[in-house]
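The values are calculated or read from the model by the stated rules, or taken from the named source; none is laboratory data. What you are looking at is a predicted structure, and each value in this text was computed from that prediction instead of being measured. Counting neighbours? That spans all protein chains shown, and the Cβs are built from the backbone with ideal geometry, glycine included.
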Amino acid sequence: MVECWLPYGRTEVHLSIPLRDLLGVAEPDLGQPAPNPHEVIREALLNPRGASPLGDLVKPGVSIAVAIDGIITPYLAAAAASSIVKELSLAGASKDDVVIVVGNGCREQSAPELLEALRGDKTLKGVRVAEHTRGSVNLVNLGATSRKTEVEIDGHFAGADVRIVVGEVVLDAFAGFRGAPSTVLPALSGMRTIEMNRRHAFEKNAAPGVIEGNPVLADVLESARLAGVDLAVNLVENPQGRLLGAYAGGLDEAWRQAVSELGDSFRVKAEANADIVVVSAGGIKFDFDLYHGVWALQGASRIAKKGATIILLAECSEGLGADGLTKLSHIDRLSELRRRFMLGGEAVHLIKATLRRNEVVLVSALPTYLAEPLGFSIARTANDALKSVVKRRRGRRTVVVTHGCSTLPFVA
């Protein structure tokens, strides 16, 4: 037996696979983590590319908003925020003039670990922390993009004199890659803005790892420019949440530099034509709800042969995450999903497209009545799911994908 441990929520789950059945494990390189994240972030802040240093932005009495994308690993979010506040203080800014805004986009709440990390940091004592969630009503309309997306963002951020964004550069199902621009859209945006942007998810080139011609990304970048960002900070993490690099500067310049440094590290080698693919969404960063965790199916379906079974591990402790996953679950036609679009419609399209080719067994804490209407088979543990699938299949060649939402398997 080969013993595998896969990310699941805030922990890991165990999976036993017979050696004769295992084709391989597709997992990302951990890279060379920075021994001192604070030093790496400070160095980036002191040498911004295409933007003024923090010291030049501080004037007496100016209000400063530091926006943090809620998906960032908590201790790194705190390291970035404290490094920024420290440099602002050295430049003469008062902590009373600074607010940290945690952006959660369409999520109903901030990760409690992230809030604890921010509020427990000594440098951040006395700095106000605000949350932006899907229910936030303190929104400011900045106008519309060329794709007619009405850009409404958090009022704490929009109303500040100096605006700083911190994001993580990681694979994104629609925009190619996340990063500091994504801290504006979707992280700080209202639901209407997010839905208008996500309507473009059905268009050509709206895909993970794709930058050129990506309509969702182009809309995100244009929206972020409307927000008048003064400094963008992009963090690159490995799958364990360790910092690999930090890149600060102008909104576009720093993000493109970080994506360039990320390179092809998100691509993981895998065997083709698997009978069974076991894929983890990647843990709590992605599987807090189904809407965010289900995108692990994109990569898994690439290496599963027709008629194969995909076992998706996604805890979904916060439920479905989007109304469209219930209200649109009965719709199969893409044209109808587009016509009736609401957030979650793009996930329904992915699920239906995958199910036309493969069976999907979902290992999750979701109630059966929420998951079954989407077409999933349900299992409560990874080993139960695998045993059940193996019993009824002749072909048992198995591939394991450890971080399905942040990697893309490829066949060499």
### Task
Would you check which residues across the range 117-132 are in a loop (DSSP other than H, G, I, E, B) and buried (at least 17 other Cβ atoms within 10 Å of the Cβ) and list them?
Asp121, Val127
### Task
Give the range 35-87 a look and list any residue that's out of contact with any Gly (no Cβ under 9 Å at 6 or more places or on another chain) and part of a loop (DSSP other than H, G, I, E, B), or say none.
Pro35, Asn36, Ser52, Pro53, Gly61, Val62
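Can you work out which of the residues in the range 133-149 that are touching a residue at least 40 places away in the same chain (Cβ under 8 Å), in a loop (DSSP other than H, G, I, E, B) and in contact with a strand residue (DSSP E or B) (Cβ under 7 Å, 6 or more places away or on another chain) is nearest to Ile84 (Cα to Cα)? Outline the logic, then answer.
Going residue by residue through the range 133-149, those that are touching a residue at least 40 places away in the same chain (Cβ under 8 Å) are 134, 136, 139, 142-143, 145-149.
Okay, now just the ones that are also in a loop (DSSP other than H, G, I, E, B), so 134, 136, 145-149.
Those left that are additionally in contact with a strand residue (DSSP E or B) (Cβ under 7 Å, 6 or more places away or on another chain): 136, 145.
Numbers: Ser136: 25, Thr145: 30 Å.
Of everything passing the filter in the range 133-149, Ser136 is nearest to Ile84 (Cα to Cα).
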### Condition broken by Val102, with the remaining ones in (1) farther than 30 Å from Cys316 by Cα; (2) outside any helix (DSSP H, G or I); (3) without any contact (Cβ under 8 Å) to a residue 40 or more places away in the chain; (4) touching a helix residue (DSSP H, G or I) at 6+ places or on another chain (Cβ under 7 Å) satisfied
(1)
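Could you pull out the residue among Gly282, Gly250, Gly176 that is in contact (Cβ under 8 Å) with a residue 40 or more places away in the chain, out of contact with any Asp or Glu (no Cβ under 7 Å at 6 or more places or on another chain) and on the phi < 0 side of the Ramachandran plot?
Gly250
Any residue at all in the range 61-71 that's farther than 26 Å from Asp161 by Cβ and assigned by TED's automatic domain parsing to the domain that holds Asn234?
First, the residues of the range 61-71 that are farther than 26 Å from Asp161 by Cβ: 71.
From the residues that got through so far, the ones that are assigned by TED's automatic domain parsing to the domain that holds Asn234 too are 71.
Yes, some residue in the range 61-71 is farther than 26 Å from Asp161 by Cβ and assigned by TED's automatic domain parsing to the domain that holds Asn234.
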### Summary
(1) closer than 23 Å to Gly321 by Cβ; (2) more than 19 Å from the chain's Cα centre (by Cα); (3) at pLDDT 95 or above all hold for His156 apart from (1)
### Task
Looking at (1) at negative phi; (2) in contact with an Asp or Glu (Cβ under 9 Å, 6 or more places away or on another chain), find the lone condition where Gly9 falls short.
(1)
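Where in the range 310-412 are the helices (runs of 4 or more DSSP H), entirely inside, with at least 3 residues that are modelled with pLDDT under 95 and small (Gly, Ala, Ser)? Let's see the steps before the verdict.
Details: elements: 324-327, 334-339, 345-355, 368-371, 382-391.
Fully inside the range 310-412 and qualifying: nothing.
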### Query
Hey, among Arg380, Arg393, which residue is loosely packed, with under 15 Cβ neighbours inside 10 Å and over 25 Å from Asp172 (Cβ atoms)?
Arg380
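Looking at Ser301, Ser265, Ser280 in this structure, which one is under 30 Å from Tyr369 (Cα atoms), under 17 Å from the mean Cα position of the chain (by Cα) and among the hydroxyl-bearing types (Ser, Thr, Tyr)? Spell out the reasoning first.
Details: Ser301 fails: under 17 Å from the mean Cα position of the chain (by Cα); Ser265 fails: under 30 Å from Tyr369 (Cα atoms).
The unique qualifying residue is Ser280.
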### Message
For the range 185-206, give me each residue that is touching a residue at least 60 places away in the same chain (Cβ under 8 Å), under 25 Å from Tyr247 (Cβ atoms) and in contact with a Phe, Trp or Tyr (Cβ under 8 Å, 6 or more places away or on another chain).
### Response
Leu188
### Message
I'm told Arg256 meets every condition in (1) out of contact with any Leu (no Cβ under 8 Å at 6 or more places or on another chain); (2) surrounded by fewer than 22 Cβ atoms within 10 Å (Cβ to Cβ); (3) among the charged types (D, E, K, R); (4) in the same structural domain as Cys405 (by TED's automatic domain parsing) except one. Can you identify the failing condition by its number?
### Response
(4)
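If the requirement is being more than 26 Å from His156 (Cα to Cα) and surrounded by 14 or more Cβ atoms within 10 Å (Cβ to Cβ), which of these qualifies: Ala65, Ala51, Ala26?
Working: Ala65 fails: more than 26 Å from His156 (Cα to Cα); Ala51 fails: more than 26 Å from His156 (Cα to Cα).
So the residue among Ala65, Ala51, Ala26 that is more than 26 Å from His156 (Cα to Cα) and surrounded by 14 or more Cβ atoms within 10 Å (Cβ to Cβ) is Ala26.
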### Message
Filter the range 247-265 down to the residues that are assigned to a loop (DSSP other than H, G, I, E, B) and at pLDDT 95 or above and list them by number.
### Response
Gly250
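If you check Leu231 against the conditions, is it crowded, with 22+ Cβ neighbours inside 10 Å, closer than 28 Å to Asn47 by Cβ, in contact with a Lys or Arg (Cβ under 9 Å, 6 or more places away or on another chain) and in the same structural domain as Asp56 (by TED's automatic domain parsing)?
Working: crowded, with 22+ Cβ neighbours inside 10 Å: yes; closer than 28 Å to Asn47 by Cβ: yes; in contact with a Lys or Arg (Cβ under 9 Å, 6 or more places away or on another chain): yes; in the same structural domain as Asp56 (by TED's automatic domain parsing): yes.
Considered against the rule, which asks whether it is crowded, with 22+ Cβ neighbours inside 10 Å, closer than 28 Å to Asn47 by Cβ, in contact with a Lys or Arg (Cβ under 9 Å, 6 or more places away or on another chain) and in the same structural domain as Asp56 (by TED's automatic domain parsing), Leu231 comes out as yes.
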### Query
Which ones in the range 316-342 are touching a residue at least 40 places away in the same chain (Cβ under 8 Å) and surrounded by 24 or more Cβ atoms within 10 Å (Cβ to Cβ)?
Cys316, Ala322, Leu325
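Taking the range 208-244, which residues are free of Cβ contacts under 8 Å to residues at least 60 places away in the same chain, assigned to a loop (DSSP other than H, G, I, E, B) and touching a strand residue (DSSP E or B) at 6+ places or on another chain (Cβ under 8 Å)? Steps first, please.
Here is the first cut: in the range 208-244, the ones free of Cβ contacts under 8 Å to residues at least 60 places away in the same chain are 210-214, 216-217, 220-221, 224-225.
Right, trim to assigned to a loop (DSSP other than H, G, I, E, B) and you get 210-214.
Hits for the range 208-244 are Val210, Ile211, Asn214.
Have a look at Gly135, Gly179, Gly105 and point out the one that is more than 20 Å from Leu57 (Cβ to Cβ), small (Gly, Ala, Ser) and touching a Phe, Trp or Tyr at 6+ places or on another chain (Cβ under 6 Å).
Numbers: Gly135 fails: touching a Phe, Trp or Tyr at 6+ places or on another chain (Cβ under 6 Å); Gly105 fails: touching a Phe, Trp or Tyr at 6+ places or on another chain (Cβ under 6 Å).
Checking each option against the conditions leaves just Gly179.
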### Query
Are any residues in the range 185-196 crowded, with 24+ Cβ neighbours inside 10 Å and within 21 Å of Cys405 (Cα to Cα), and if so, which ones?
Leu185, Pro186, Ala187
